[in-house]
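J.: The structure is given below, and queries will be raised subsequently.
The values are calculated or read from the model by the stated rules, or taken from the named source; none is laboratory data. All values reported here derive from a predicted model rather than from experimental measurement. FYI the Cβ positions are ideal-geometry reconstructions off the backbone, even for glycines, and counts take in every protein chain you see.
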Amino acid sequence: MIGLAIDNGFIKSIDQKVLEIFPDYTVKIGEKTIQGITIKNLLTMTAPYKYKTEPYDKFFTSSNPIQDALDLLGGDEAIGEFNYSAIGGTHILSGILVRATGQSILDFAIEPLFSPLRINAAHKLVIRNKQ
């Protein structure tokens with residue numbers, strides 16, 4: 001989807017800084033690492049985070065998971081080292097797509113991806129938990 005957004009002119013390139021997409025995000029005092037992180041770092045899982053183990057509960061219960069993911073992006077580790085992230089990076093990438101295209105990811109995916117593959121994606125999906 002990021003490649004399609006680049007091909008359609010919504011995103012400049014994978015070398016674009018993440019914070020360029022989120023200009024309203026307030027970087028905390030003293031935070032430097034987050035300012036150098038690119039879309040490519042998220043795609044290649046070479047972005048550092050402020051955790052050793054992803055806080056799944058935080059992401060799944062958050063009212064703003066993209067904000068929370070941005071808050072956890074950066075830290076003291078170097079940019080460029082492999083750092084597996086199943087949730088943090090994907091939340092930020094989804095936020096980048098929504099911000100850049102002005103559409104939901106599903107709506108953006110329909111014409112260039114789903115329609116040619118004859119995929120009928122449901123627009124309303126409810127996920128329930130046991131609680």
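J.: Take the residues in segment 63-96 that are farther than 21 Å from Gln35 by Cβ and either touching a residue at least 60 places away in the same chain (Cβ under 8 Å) or among the aliphatic types (A, V, I, L, M) (or both); name whichever of them is surrounded by the fewest Cβ atoms within 10 Å (Cβ to Cβ).
T.: Checked segment 63-96; the qualifying residue surrounded by the fewest Cβ atoms within 10 Å (Cβ to Cβ) is Ala86.
J.: Quick check on segment 1-26: of everything there that is surrounded by 12 or more Cβ atoms within 10 Å (Cβ to Cβ) and without any contact (Cβ under 8 Å) to a residue 40 or more places away in the chain, which residue is nearest to Thr44 (Cα to Cα)?
T.: Ranking the candidates gives Ile14 first.
J.: Also, I was wondering about something else. Anything in segment 85-131 that is of a type in the set (Gly, Ala, Ser) and within 20 Å of Thr44 (Cα to Cα)? List them, or say none.
T.: Within segment 85-131, Ser85, Ala86, Gly88, Gly89, Ser94, Gly95, Ala100 qualify.
J.: Something else now. For segment 112-131, which positions are touching a residue at least 40 places away in the same chain (Cβ under 8 Å) and farther than 25 Å from Ala69 by Cβ? Step through it out loud before you land on a result.
T.: Step one: of segment 112-131, the residues touching a residue at least 40 places away in the same chain (Cβ under 8 Å) are 112-113.
Pro112, the sole residue that qualifies.
J.: Would you be able to tell me the number of residues in segment 27-62 that are more than 26 Å from Ile11 (Cβ to Cβ) and surrounded by fewer than 14 Cβ atoms within 10 Å (Cβ to Cβ)?
T.: Selection size over segment 27-62: 9.
J.: Still on this structure: Taking Ala109, is it surrounded by 13 or more Cβ atoms within 10 Å (Cβ to Cβ) and touching a residue at least 60 places away in the same chain (Cβ under 8 Å)?
T.: So Ala109 fits the description; yes.
J.: Among residues belonging to segment 20-57 that are in a helix (DSSP H, G or I) and closer than 17 Å to Ser94 by Cα, point out the one that is modelled with the lowest pLDDT. Give the derivation first.
T.: Taking segment 20-57 first, the residues in a helix (DSSP H, G or I) are 20-21, 33-36, 39-43, 56-57.
Narrowing the set further to residues that are closer than 17 Å to Ser94 by Cα leaves 20-21, 39-43, 56.
Working: Glu20: 96, Ile21: 96, Ile39: 98, Lys40: 98, Asn41: 98, Leu42: 98, Leu43: 97, Tyr56: 88.
Filtering first and then ranking leaves Tyr56.
J.: Please find, among Gly89, Gly80, the residue that is of a type in the set (Gly, Ala, Ser) and either at pLDDT below 90 or in a loop (DSSP other than H, G, I, E, B) (or both). Explain how you work it out, then say what you get.
T.: Working: Gly89 fails: either at pLDDT below 90 or in a loop (DSSP other than H, G, I, E, B) (or both).
Just one listed residue meets the conditions, Gly80.
J.: Here's another thing I want to ask about it. Looking at Thr33, Thr38, Thr46, which is the one that is in contact with a Pro (Cβ under 8 Å, 6 or more places away or on another chain) and in contact (Cβ under 8 Å) with a residue 12 or more places away in the chain?
T.: Going through Thr33, Thr38, Thr46 in turn, just one is in contact with a Pro (Cβ under 8 Å, 6 or more places away or on another chain) and in contact (Cβ under 8 Å) with a residue 12 or more places away in the chain: Thr33.
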